[in-house]
Amino acid sequence: MTAPLNPTDLEVLLDFYVASGVDAALGDAPVNRFEESAHHAARAQARARAAPPLPAAGIGTASSARPPVQGQAPQPPRPSPALARPGSSAPPHSASASAGATIPGDDVVMAAREAAGQAATLEALREILAGFEGCNLRLTAKNLVFSDGAENARLMFVGEAPGREEDAQGVPFVGRSGKLLDQMLKAIGLAREEVYIANAVPWRPPGNRVPSPQEAEICKPFIRRQIELVDPDVLVFLGGASAKLLVGTNDGIMRLRGKWLDYQTGSRAIRAIATLHPAYLLRTPIQKRLAWRDFVKIKAALDGRVQTDVDPT
Ligand code: URA
């Protein structure tokens, strides 16, 4: 029989489990997780019914108080199954990470759509996302990584999901990839403060694994609403994952990059382009020349210069 672990070893072991995405313990007796999650959903609904509604606008700061997107009247938020009141969610990275876990399904995606649609401002969207319990990634992440940069930016970037450094600071693209992105921006005469940066998935997947298709689908309504509220002139997908999720293509990034696309917000089309992810460029520096071509196109679009879509690569 193995000796019981001392508290330090136990902590190391638990850290390893969390980093590996192990968020439920196996016991001697089988547990019906479907029953558990139905019970959890019923409790969440009861809590939501008992809770006063979230404030509609007005949560926003002066800088975030943009008018609602054309054609969409702001609606007072209504509680939804996976939407908890701000402050009522389990503390992030809690020891009992599996306690609030849900089994993702269409109802969670619907709840995410409903919740995201309630946000009239970026600040309101951040609040709603912080209280949204439908994505299990929030249980292992330290922080929600919502955005960085200027809310009225003409240029918006969407990455895949935060890494360790981003999770620790609650800010997207601050690690090595972020430093490279800053350099690439500088190369076209822009500072990070002038652009808006977000991720398709706003919580770090454990151990930096790729977000599952369900996790990405659950988070999609929030990033879609974020794009709609920022309403940039040019949208840039950093890497194939965000482009595929948001444009709905199966093309690989090498085929997709450098071509102008139309991103449909629902009320208008935004000029969009995919480029290589900075993390990939760090691993494959030779490809920086392709990213540079994409950035030159982006700069020309911002400057209103006429471009053809002919790419020599
Ligand atoms: N990679 C991403 O896709 N997003 C980040 O925020 C950091 C690294």
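Key figures
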read-out: Of Gly170, Gly159, Ser147, farthest towards positive along the dipole that unit charges on Lys, Arg, Asp, Glu beta carbons give segment 144-199; value: Gly159
read-out: Ascending count of other beta-carbon atoms within 10 Å, so fewest first, for Lys244, Lys259, Lys299, Lys186; value: Lys186, Lys259, Lys299, Lys244
read-out: Computed magnitude of the charge dipole of segment 125-202 (debye, nearest 20; Cβ of K, R +1, Cβ of D, E -1); value: 180 debye
read-out: ³J(HN,Hα), Karplus 6.51/-1.76/1.60, whole Hz, each residue of segment 105-114, x for Gly, Pro; value: x, 4, 5, 5, 5, 4, 5, 5, 4, 5
read-out: Residue-wise HN-Hα coupling along segment 271-287, computed from phi with Karplus coefficients 6.51, -1.76, 1.60 (Hz; x: Gly, Pro); value: 5, 9, 8, 9, 9, 6, 6, x, 5, 5, 5, 5, 7, 10, x, 4, 7
read-out: Tensor-based shape of segment 113-184 (alpha-carbon gyration tensor, a/c under 1.5 rounded, otherwise prolate or oblate); value: oblate
read-out: Reachable lysines from Lys299, criterion Cα separation under 18 angstrom, eight or more residues apart if same chain; value: Lys186, Lys259, Lys288
read-out: Net +/- balance of residues flanking Lys299 in space, Cβ distance below 14 Å, scoring K and R +1, D and E -1; value: +2
read-out: Under 5 Å, built H, 5+ apart or other chain: amide partners of Phe157; value: Tyr196, Ile197, Ala198, Val236
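Each reported figure results from applying straightforward, stated rules to the coordinates on display, with no laboratory input. Predicted model, so just to flag it, every value in this text is computed and none were measured. We place every Cβ from the backbone using ideal geometry, glycine too, and count neighbours over all the protein chains shown.
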